[in-house]
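K.L.:
Dumping the structure here so I can ask a few things about it.
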Amino acid sequence: MLSKTGGRYRLYMDGTVLDAALRGRLKQGRKRVLVGDLVRVAFHRDQSTTIEDVEPRRSLLRRRSPGRSHGVRPVAANVDQVVVVGAAREPAWDAQLIDRFVAVAAASDVPAVVVANKCDLSDTCETLLHPYAQAGYPVVATSVPEQRGLGPLRTHLTGRTTVFTGPTGVGKSSLLNALQPGLRLRTGAVSAKSKGGRHTTVAAEAYPFGSDGLVVDTPGLRDIGLWGLEPLEVAAAFPEFAELASGCRFDDCRHLEEPGCAVSAAVASGVLAKTRLTSYRRLLEEAEQAARPWKSGGSR
């Protein structure tokens with residue numbers, strides 16, 4: 001499934017885009033049809049097409065429901081990877097927000113690629129990406145005006161279903177337009193007043209990429225929650241800590257304020273980026289706070 005508008009669904013089948021509606025029994029069920037879902041369809045004599053069923057999903061990318069509502073909102077199904085895009089400038093690189101996106105991907109067991117875009121505006125892209133390369137994540141420095149990094153990024157996308165995500169205004173839609181001319185996704189300038197991006201993508205929507213790939217463009221997010229993450233899931237988003245943890249004084253060290261923490265020592269000596277430890281501590285605190293009511297028998 002490529003997208004949903006009202007009660008109509010856009011499907012991609014054998015190189016053709018189809019419009020379809022849900023079969024009545026699916027409307028009454030609780031299982032939503034998501035972008036990226038593989039569906040079974042029926043063609044009718046009146047030229048209409050209906051979605052009959054949803055095939056089992058091999059993966060599900062999810063995030064916290066927005067606002068004050070509780071629960072988890074599924075974003076896309078059958079995702080092979082998440083490309084997390086940040087901008088070197090306009091808006092400024094926000095390491096903690098990038099780390100949040102990477103953590104959500106890790107919690108969904110989906111690999112992440114980190115991209116620093118708008119590198120024509122700054123010579124710091126390699127520095128910004130270094131902590132993620134050090135952690136083992138694939139990284140790409142890109143610039144649409146300079147056509148920089150488009151080849152390597154295209155290679156990552158080929159033959160995969162990829163979710164593009166990241167803060168508002170970092171150039172996700174511009175990158176996709178440059179990678180596959182003809183998409184013509186809406187783009188917007190950065191607000192001169194706030195230095196933040198304007199929302200141009202309003203709902204998740206998938207587009208065929210090449211002959212056998214799919215890219216999912218997502219709404220820009222100024223923040224992303226961690227509802228439902230466990231502390232161990234947060235730790236999984238910081239794999240570079242695992243190699244050092246064996247050197248911690250305490251076997252159960254959480255890399256907070258414990259004495260003899262090898263991770264803290266690595267940050268103090270410049271071996272690890274301070275931004276990564278700061279993000280880890282904040283995300284761990286949020287995950288533990290979210291888990292406490294459930295562990296104590298409370299309810300929300």
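The values are calculated or read from the model by the stated rules, or taken from the named source; none is laboratory data. What you see is a predicted model, and the numbers here were worked out from it, not measured in a lab. Neighbour counts are summed over all protein chains in view; Cβ atoms, including those assigned to glycine, are modelled from backbone coordinates with ideal geometry. To get the accessible areas, we keep the full protein, side chains included, count just its heavy atoms, and leave off ligands, DNA and RNA. Shrake-Rupley method; radii C 1.70, N 1.55, O 1.52, S 1.80 Å.
K.L.:
Scan the strands (runs of 3 or more DSSP E) fully inside the range 39-130 and keep the ones with 1 or more residues being at negative phi and open to solvent by 30 Å² or more (accessible area, probe 1.4 Å).
P.N.:
Here the list reads 39-43, 49-54, 60-64, 72-77.
K.L.:
Modelled with pLDDT under 50, in a loop (DSSP other than H, G, I, E, B) and touching a Gly at 6+ places or on another chain (Cβ under 7 Å): does that describe Thr200?
P.N.:
yes
K.L.:
Against the definition (surrounded by fewer than 22 Cβ atoms within 10 Å (Cβ to Cβ) and at negative phi), how does Leu157 come out, yes or no?
P.N.:
Working: surrounded by fewer than 22 Cβ atoms within 10 Å (Cβ to Cβ): no; at negative phi: yes.
So Leu157 does not fit the description; no.
K.L.:
Restricting the range 160-183 to residues that are farther than 28 Å from Arg62 by Cβ and of a type in the set (Gly, Ala, Ser), which is surrounded by the fewest Cβ atoms within 10 Å (Cβ to Cβ)? Even if it seems obvious, please write down each step before you answer.
P.N.:
Within the range 160-183, the subset farther than 28 Å from Arg62 by Cβ is 178, 181-182.
Now drop any that are not of a type in the set (Gly, Ala, Ser), which leaves 178, 182.
Working: Ala178: 18, Gly182: 6.
Selected residue: Gly182.
K.L.:
Separate question: Name every residue in the range 220-240 that is at pLDDT 65 or above and either open to solvent by 40 Å² or more (accessible area, probe 1.4 Å) or part of a loop (DSSP other than H, G, I, E, B) (or both), in order of residue number.
P.N.:
Matches in the range 220-240: Leu229, Glu230, Leu232, Glu233, Ala235, Ala236, Ala237, Phe238, Pro239.
K.L.:
Now for a different question. Exactly one of (1) in contact with a Ser or Thr (Cβ under 6 Å, 6 or more places away or on another chain); (2) surrounded by fewer than 18 Cβ atoms within 10 Å (Cβ to Cβ) is unmet by Gly151. Its number?
P.N.:
Condition not satisfied by Gly151: (1).
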